[in-house]
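Here the structure comes first, spelled out in structure tokens, and everything after it is commentary.
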Amino acid sequence: MRFGDGPESSNFEDRTGGGGGLNLGGGLGMLLPLVASRFGIVGILILGLGYCVLTQLGGGGGIFGGGGGGGEKSTLPEEQRRFLAQVLGSTEQVWGQVFTQAGSTYRPTTMVAYTNYDQSGCGAAQAAMGPFYCPSDQKIYIDPVFFEELSRRFGAPGDFAQAYVIAHEVGHHIQNLEGTLDRAQSAQARLGESEGNQVQVGVELQADCYAGVWAARSGALEAGDIEEGMRAAEAIGDDTLQKQTQGRVVPESFTHGSSAQRMEALRRGLSSGNPSSCNYAR
Ligand SMILES: [Zn+2]
């Protein structure tokens, strides 16, 4: 991606280096049921892409409580900070335009970069949860260590792979503004588990498609970017992740969609550049 002198968002909070001393213990086996039960469906929704990563990082290992210190100094390299702030800035431009054209005003989300552990409006944020969007404080939480995971463990390197992750979470913010997250939550409360999962898959695919819409309108795509995005979408599909973690695929338990579905959704947004083409959720 190329942003040149494109504006950095003023809604980017760098909290890296500020926390990390806390260790909740219990690892993910405990965390997931806790998040799910405390926050119900939204708890699962907010995990976003990170939900998939949860199963991958299970056990915590070096991620938990490794930071220590509680120093205040940012640990984010300048180049990465600038990239994140420019991606967010670009989503504000693009969605600002889309909302204006629809006769409305876009209220931007805030992105919080943290290391190891932070407090979100939806409860504890931990690196192992991966990036997520919290509807109640309307913020995106991300530990940049996730990008290393994406590159190394999931084999999806590249700046557009990273931008796709951010734009997917911004997509959840758009859904929050549109009332889609609320509607999905009430639908899930009425439905059984596998039907509820289908509703969630629709929400996640729409967020993927919105990420594509942003990218198409960003004017920042370079050769090879789309391939990077497709590789990422493929790597984090539920079937691919389930095969890796449990050796078998259980479609009823999908929450984000298969690799093929996620690639199709991202591609649809990329080729249409039009959010109304992203009709996966109600
Ligand atoms: Zn998501």
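Taken over the range 97-140, the criterion of being touching a His at 6+ places or on another chain (Cβ under 7 Å) and open to solvent by 30 Å² or more (accessible area, probe 1.4 Å) is satisfied by GLN138 alone. Among the residues of this structure, GLU204 does not count as one that is touching a residue at least 60 places away in the same chain (Cβ under 8 Å), within 11 Å of the ligand (Cβ to nearest atom) and touching a strand residue (DSSP E or B) at 6+ places or on another chain (Cβ under 8 Å).
For the range 209-227, filtered to residues that are outside any loop (DSSP other than H, G, I, E, B) and open to solvent by 40 Å² or more (accessible area, probe 1.4 Å), the residue that is farthest from SER272 (Cα to Cα) is GLU227. Do we have LEU241 as under 17 Å from the mean Cα position of the chain (by Cα), farther than 30 Å from THR100 by Cβ and open to solvent by less than 70 Å² (accessible area, probe 1.4 Å) here? Yes: the conditions hold for LEU241.
Applying the criterion of being among the small types (Gly, Ala, Ser) and in contact (Cβ under 8 Å) with a residue 12 or more places away in the chain to the residues of the range 165-201, the residue that is most open to solvent (accessible area, probe 1.4 Å) is ALA189.
The values are calculated or read from the model by the stated rules, or taken from the named source; none is laboratory data. Keep in mind it's a predicted model, so treat the numbers as computed, not measured. Counting neighbours? That spans all protein chains shown, and the Cβs are built from the backbone with ideal geometry, glycine included. For accessibility, only protein heavy atoms count, side chains too; no ligands or nucleic acids. Shrake-Rupley method; radii C 1.70, N 1.55, O 1.52, S 1.80 Å.
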